[in-house]
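Nothing in this text is a laboratory measurement; each read-out follows from the coordinates by a stated rule. This one's a predicted model, so the numbers in the text were calculated from it and none came from an experiment. In this analysis, Cβ positions are derived from the backbone assuming ideal geometry, glycine residues included, and neighbour counts consider all displayed protein chains.
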Amino acid sequence: MSTENNPHKKIIILGSAYPLRGGGITTFNERLAREFSSQGHTVSIFSFSLQYPGFLFPGKSQFSDGPAPEGLDIHTRINSINPFNWISVGREIKNLKPDLVVVRYWLPFMGPCLGTILRIIKKNRHTRVICIADNVIPHEKRIGDKPFTRYFVKPIDAFVVMSEKVLLDLKGFNSTRPVKLVPHPLYDNFGAKIPMAEARKKLGIPDNQPVILFFGFIRKYKGLDLLLDAISQLQHSTPARPAGGFNIQHLKLLIAGEFYENRSAYEEQIAKLGIGSHLILHTDFIPDEEVKYYFCAADLVIQPYRNATQSGVTPLAYHFEVPMIVTNVGGLPSLVPDGKAGLVAEATPDSLAEKIITYFDKGRDHYMPFLLEEKKKLSWVKMSETILELAQSH
């Protein structure tokens, strides 16, 4: 491909999109498609007719009941467990002869499906394949992870990663093809920031309460149980902190997101700790149009993860300009400079409790100038330009 001779490309994104409600990956793919389209490229998304078999999907539904996104060309084609479908989809895309295929990789289970489709596409001797690797080694390991990933990576021409952790993990599977690290861009397609009072009115939260937000699907690696223990510690600590007038007894933890594992263990923990009065539970799937209310109602976003690569919650917090506490795992600390855009804690209840107190002692105004500077770095233009540059390299 030559940028000079053919500045506008035919691009296909291979990954989840509407009507799937796959959380951050679906949102990312649709937003990236809009970015390419805004630059004059012709863009389609080839998504899944069946993404996960039931045993791999612990949520209530894989499908959105909201309206289809306007202006996107989405083809619901891929069946992740049907090899005959992989051949059919591969041939369809091969014959379309796109200049570029951008494929998402987040789970080794997808390796055989996507790896087969890409091998067929590459037979047209025209299409370049760039992978955006969210994870290479998954959070929850299963038999077959390594061979499935090895199979997937072979037809890839170059990689984009969004954290140092994935960059390091990828070295175990790739030593020859180019790799670029680009921070996860802002999720700026959930509407503009709104006043805190308006957001809290919508959610029924009083204006005078300190509120911290845990947002996203609830899974073991995300450490919600650690955060609940930290809330218990705060409940039994000194009632007031004089620096900012922060009264710990008024603290509320807003938990917004669907359980992706058995909720009973969390309910038992909450009852045992006696912290129910400190919690606001919105544990259903949060539709896109309601995301802004949760972030704009919060004084602080907290990610108490046990392990991580990168997180889509971080660019959401930057978009809505809410400081963060993240744990010192994976790529989280590199995106949230400690003491500036937020605070970095260890993945323990003691450390999380300490950082919550530190945050409210210093006050939100301390963090905002640094946060706004960091926000400027998270650009979709940077992501799209990096992908196109890699597509030119040989």
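Taken along the Cα-to-beta-carbon direction at a fixed 7 Å, the label points for I81 and S38 span 3.9 nm. Cross-link reach is defined here as a Cα-Cα straight distance under 27 Å, omitting same-chain residues fewer than 8 places apart; for K154 the lysines meeting it are K9, K10, K94, K97, K122, K123, K141, K146, K165, K171, K180, K382.
Please state the shape class of region 196-375: rounded when a/c is under 1.5, otherwise prolate if a/b exceeds b/c and oblate if not, all from the C-alpha gyration tensor. It would help to have the intermediate numbers written out before the result.
Values: a/c = 1.17, a/b = 1.08, b/c = 1.08.
Rounded, because the longest to shortest axis ratio a/c is under 1.5.
Relative contact order of the chain: 15 percent, from C-alpha pairs under 8 Å at least 6 residues apart in sequence.
In the chain, the inverse of the mean reciprocal separation of distinct Cα atoms equals 22.0 Å; this is its Kirkwood hydrodynamic radius. Under 5 Å between amide hydrogens, built in the peptide plane, is the criterion, and for Y187 it picks out L316, H319 among residues at least 5 positions away or on other chains.
Find the Cα radius of gyration of region 269-394, compare it with 2.2 N^0.38 Å by division, and give the number to two decimals. Display every interim value, and only then the final one.
Details: Rg = 16.7 Å, N = 126, 2.2 N^0.38 = 13.8 Å.
That ratio works out to 1.21.
Excluding same-chain neighbours fewer than eight residues apart, the aspartates and glutamates reachable from K355 by a Cα-Cα span under 15 Å are D229, D299, D338, E346.
Give me the distance in nm between label points sitting 7 Å out from Cα along the Cα-to-Cβ direction at R263 and L281, one decimal. Modelled inter-label distance: 0.6 nm.
Using every Cα-Cα pair within region 165-285, state what percent have a distance larger than 24 Å.
Working: 3410 of 7260 pairs.
Summing the P(r) tail past 24 Å for region 165-285 gives 47 percent.
Here the label points at H8 and R364, each 7 Å from Cα along the C-beta direction, are separated by 4.4 nm in the simple model. Just checking the listed ones, D99, D365, D134: in the Gaussian network model of the chain with Cα springs under 10 Å, the one fluctuating most is D365. Rounded to the nearest 5, the antiparallel percentage of DSSP beta bridges internal to region 196-375 is 10%. Out of H41, H319, H236, any idea which swings most in a Gaussian network model of the chain, alpha carbons joined below 10 Å? Answer for the Gaussian network model of the chain: H236.
With springs connecting C-alpha atoms under 10 Å apart, model the chain as a Gaussian network and identify which of E268, E354, E70 has the largest mean-square fluctuation. Sorting by GNM fluctuation, first place goes to E70. Take every Cα pair under 8 Å whose residues are at least 6 apart in sequence, average their separation, divide by the length of region 196-375, and the relative contact order is 25 percent.
To check you understand DSSP bridge types, tell me what percent of the beta bridges within the chain (both residues inside) are antiparallel, rounded to 5.
Working: 3 of 50 bridges.
Restricted to the chain, the bridges split so that about 5 percent are antiparallel.
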